[in-house]
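Undergrad: Would you mind keeping the following structure in view while I ask a few things?
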Amino acid sequence: MTRSDSESSLLPEEQEIATAEDGDAGTTKPPVRLLLVDDEPGLRTAVKAYLEDEGFQVTTANDGEEGWTLAQEMLPDVILSDVMMPRCDGFALLKRLRADERLGGTPVIFLTAKGMTADRIAGFNAGADDYIPKPFDPNELVARVHNVVRRQERLLAEAARFADADISAMAKQITEIRSMLGNGGSKKPAPDVKLDFTPREASVLQLVAEGMMNKEIARRLETSIRNVEKYVSRLFIKTGTASRTELVRYALEHGLVE
């Protein structure tokens, strides 16, 4: 059995862990996995063929309902979606994705014939990462996909920056922070900021504050290392911090963790 055959038999989250381990070993990066959701068969076929020629791994769906099912199964790196579709349109699909713990951070690019400024604004307000009106230049599509992938990789790299840090050193820093903040009293302060954390983000924040690294958090929450990196990255963004130590300090100072 070849490596590709063995990888194809893995569950989606197992594939993600294998990908992370490959990155640690310095092996060739796997292809970016795209989910293309559009109800036009001709466009699906043409775009899929072009993107595959550019080195992407492409899975297609006929509408938002099928796209939602496939997204949960494959956990794609990027989703390209039409807006006007039967059963479940692009906005409804995006709403489901953003509410999902595993898929909430997945970049979404809208491909649609609706190119008016108001429509684009509605797409961005709904949480889309990019918006390409049809007809589009295939080269522009590839460039925009690469752009959102690079942006996502930068966020993940920032989140993973301390993943291999010495756990004892991290624990010592957290102890020092807790001790410093504890001088003002023994009670946990009431939260003094309102941040829109998802339940899973809150769980990850608590475990980071307990000194756990990404691999340990992944095991505790029964998810992939890559997903933990996404959650930590989103916590950095929401709290305006740039490291795990800063994140823990912020969380303790504002009463966000025990």
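Undergrad: For Ile237, Ile109, what ranking results if the residue with the fewest other Cβ atoms within 10 Å of its Cβ goes first?
TA: On the way: Ile237 13, Ile109 21.
Ordered by Cβ neighbours within 10 Å, fewest first: Ile237, Ile109.
Undergrad: Output ³J(HN,Hα) for the stretch 121-136: one whole-Hz value per residue in order, computed from phi by the Karplus curve 6.51 cos²θ - 1.76 cosθ + 1.60 with θ = phi - 60°, and x for Gly and Pro.
TA: 4, 4, x, 5, 5, 7, x, 5, 8, 7, 8, 10, x, 7, x, 10
Undergrad: Sticking with this one: Which whole-number percent is the relative contact order of the stretch 207-258 (Cα, under 8 Å, 6+ apart)? Spell out each step's value before the answer.
TA: Details: 27 pairs, mean separation 15.1, N = 52.
About 29 percent, as a whole number.
Undergrad: At a 10 Å Cβ-Cβ cut-off, how would you order Leu247, Leu80, fewest neighbours first? Spell out each step's value before the answer.
TA: Values: Leu247 24, Leu80 29.
In increasing order of surrounding Cβ atoms, one gets Leu247, Leu80.
Undergrad: Name the residues whose placed amide hydrogens come within less than 5 Å of the amide hydrogen of Phe136, ignoring near sequence neighbours (fewer than 5 apart) on the same chain.
TA: Answer set, sorted by chain and number: none.
Undergrad: Within a 10 angstrom radius of the beta carbon, how do Thr241, Thr112, Thr69 rank from fewest other beta carbons to most? Walk me through the intermediate numbers first.
TA: Working: Thr241 16, Thr112 21, Thr69 12.
Ordered from fewest to most neighbouring Cβ atoms within 10 Å, Thr241, Thr112, Thr69 come out as Thr69, Thr241, Thr112.
Undergrad: Long-range amide H contacts for Tyr131: which residues qualify at under 5 Å (H placed 1.01 Å from N, peptide plane, sequence gap of 5 or more or a different chain)?
TA: Distant-sequence amide H within range of Tyr131: Phe110.
Undergrad: Work out how much length Asn147 to Glu253 would gain on full extension: take 0.36 nm times their residue separation and subtract the Cα-Cα distance, in nm to one decimal.
TA: Details: separation 106, 0.36 × 106 = 38.16 nm, distance 3.57 nm.
In short, 34.6 nm is gained.
Undergrad: Explain nothing, just compute: Karplus ³J(HN,Hα) = 6.51 cos²θ - 1.76 cosθ + 1.60, θ = phi - 60°, for every residue of the stretch 62-74 in order, whole Hz, x for Gly and Pro.
TA: 7, 7, x, 5, 5, x, 5, 4, 5, 4, 5, 7, 9
Undergrad: Mind listing the Cα extents of the stretch 31-159 along all three principal axes, in Å, largest one first?
TA: So the extents along the principal axes, rounded to whole Å, are 36, 32, 30.
Since every read-out is calculated from the coordinates, none of them should be taken as a lab result. Given the structure is predicted, the values throughout are model-derived calculations rather than measurements. Quick reminder, even Gly has a Cβ in these numbers, built from the backbone with ideal geometry, and neighbours come from all protein chains shown.
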